[in-house]
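Working notes, structure below.
The values are calculated or read from the model by the stated rules, or taken from the named source; none is laboratory data. What you see is a predicted model, and the numbers here were worked out from it, not measured in a lab. Quick reminder, even Gly has a Cβ in these numbers, built from the backbone with ideal geometry, and neighbours come from all protein chains shown.
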Amino acid sequence: MKKNFTILIITFFVFTNAFAGADGELELSKKSKPVKDCFEPLNRVTFAVNMGLDKIIFKPVAKGYRVLPSPVRAGVSNALDNLSSLVTIPNNVLQGELKKAGVNTGRFVINTTIGIVGIFDVAQNLGFPEYEKEDYGQTLGVMGVGPGCYLVLPVIGPSTVRDTAGSFINILGGDPWYNASVNGNNEYLSDSDYFTSRVLAGIDFRAKNIDSLDNLEKNSMDLYASFRSLYLQDRQQKISNSKETTETMDDGDWEEIDTQ
Amino acid sequence: MKKIFTFVVFLLIFFNTANKAFSIEADAFVQQTVSRAAKTLSSGLTKEERIQKLKEIAKEAVDIRGIGFYSLGSHRKNLTKEQLENYKDVFEAYFLKSFSSRLAEYSNPEIEVNSQKKINKNYTIVSSTLVATNTRPEVKIEWRVYTKDPENLLIRDLIIEGLSLARTQKEEFSSIINSNDGKIEALLKNLSDFSSK
C-alpha cells in the first residue's frame, strides 16, 4: 500500500513536470527558463534549520573526519563512489549511454574485487575514464522532464521536484544497494549498512567542501540565493553531461553589456 | 624626402612591433595574473598589505565595471543615471573586498593553466586546475577572458567546476532586489554594508 502511494506521488510529480516542461522551450538549452522558487518562504525556513544543523552537527563532524589520514579518507570516498555506481549504471542505460554503462560495470567489478569493496580505485590506475555519477533525477531531466519548483529538503538540502521524485525511485527498487541492504532479508547486510553509507557520503561531501562553503558563507549577502544558484547550475551541467562549460552558459547578458 | 621616408618606415615598424609586444594570449594573461597573485600570497606581507596588493591586481586584470553591469541583469534597465553611478562605486568597493578576502585565505594556491578556447571574437575561455592539497581535492577553474581589446585583456568570470561566480552573484543580487519589492536601494545598502564590515 505504502509502495503504491509512493508510485502514485512520483507519477504525479513526473507527469506534472513533464507537461510543465513541454511548453515548446527546451529546458536544457542555453536560454532555459529560470527554475521557479514556488515555496521560497518555506524553503528559506528549511534552509535556516539546515544551516543550524550544519553548524552544530555536520560541520564539526566533517572537520573531525578531515583529521583522518588522507589515504583513509580517499579509501572511504572510493568505496562510496563504487557503491554509487550501482545507481549510475542503470541510469547510463536509461539515458542510452550503453558504452558508459559497460565501462562503469567493468569499473565496479574490478574495484569491488581487486580494489577490495571499492576502497582502491584500481580501474582508474588501469586507465578507465573519469567516473561521472548519474542519478534518476538526471535521467528524468535527459528524458525532457522539467525541474519543477526548487525545493529545500530537511537535512538533505537543495533539490527540485524532479530530483526529489528521482530520489524516491532509489527506494522503489532503483538502487540495488538499498534493495540488498534494506530489503535484502539476508544475514550479511542490514538497514544500518545502507544508512551508514548515506551518512558517510554526506560527511565525505561536507569535508571536501569545508573551505569553499566557509568562503561562500563569508562572502554572500544572501546565502540562500547563492546555494540555490549553485545547485541549479550544477544540475543543469550534470544533466547536459557536458564537460564544455560554454555549452551550458547563456552569453546573452554578456553580449548585452558590451553594447552599452 | 629620404628623411621623411625613413621616418615613416620607422613609425610603421615601431607601431607594428609595439602592437605585437603588448598583445598577449588569453592563457598567458591568466598565467601572468595568477603568478602575480600567488607571489603576493606567498610573500611575507601582512594580511592587510596582501589584501591591498590583491586589490591592485584585480583593478588591472578584472573588468569590474562589466561584471557589475552583468550582475544587475534586467534590473540594469530600470536604474536612473544617478543610481547607476552610485551602483558603480558601491559595486567596485564590494567586489574588491569580496575578491581580496576570498583570495587572502589561501597561502599559496598552485594553479596550472592547461588550455584556451576562443568562443567568439569577444571571449576566450582559459582552462586551468587548482592543484589538490591534503585537505582539498583538485578543482577545475575556467576563466572567461574579455578579448575585445587585445591589448587590454580582462577577466569577466570564474567558472569553478562548471559553476559561474558571475551568474551566482547575478542571481544573488536579483534575489535581494526581488525580495525588497524590486527596489535597487536594498541592494545598494547590502553592498555598502558588506564593504564596511
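What to note about this one:
- Of the residues making up the stretch B:146-176, those that are closer than 20 Å to residue A:233 by Cβ and hydrophobic (A, V, I, L, M, F, W, C) are B:155, B:158, B:159, B:160, B:163, B:165, B:166, B:173, B:176.
- Residue list for the stretch B:26-72, restricted to those being among the acidic types (Asp, Glu) and touching a residue at least 12 places away in the same chain (Cβ under 8 Å): B:27, B:63
- Summed over the stretch A:172-200, the residues that are part of a helix (DSSP H, G or I) and free of Cβ contacts under 8 Å to residues at least 40 places away in the same chain give a count of 13.
- If you check A:106, A:144 for being modelled with pLDDT of 95 or more and surrounded by fewer than 22 Cβ atoms within 10 Å (Cβ to Cβ), only one passes: A:106.
- For residue B:58, the conditions (1) modelled with pLDDT of 90 or more; (2) among the aliphatic types (A, V, I, L, M); (3) over 20 Å from residue B:170 (Cα atoms) all hold with the exception of (3).
- Of all residues in the stretch B:178-197 being facing chain A (nearest Cβ under 10 Å) and surrounded by 20 or more Cβ atoms within 10 Å (Cβ to Cβ), the one that is farthest from residue B:75 (Cα to Cα): B:191
- Some residue of the stretch B:89-98 being within 14 Å of chain A (Cβ to nearest Cβ) and either surrounded by fewer than 18 Cβ atoms within 10 Å (Cβ to Cβ) or β-branched (Val, Ile, Thr) (or both): yes
- For the stretch A:69-101, the set of residues classified as in contact with a helix residue (DSSP H, G or I) (Cβ under 8 Å, 6 or more places away or on another chain) and more than 14 Å from residue A:131 (Cβ to Cβ) consists of A:73, A:76, A:90, A:93, A:94, A:95, A:98, listed by residue number.
- When each of A:203, A:210 is tested for being in contact (Cβ under 8 Å) with a residue 60 or more places away in the chain, away from chain B (no Cβ under 14 Å) and either within 30 Å of residue B:98 (Cβ to Cβ) or over 21 Å from the mean Cα position of the chain (by Cα) (or both), the lone residue that passes is A:203.
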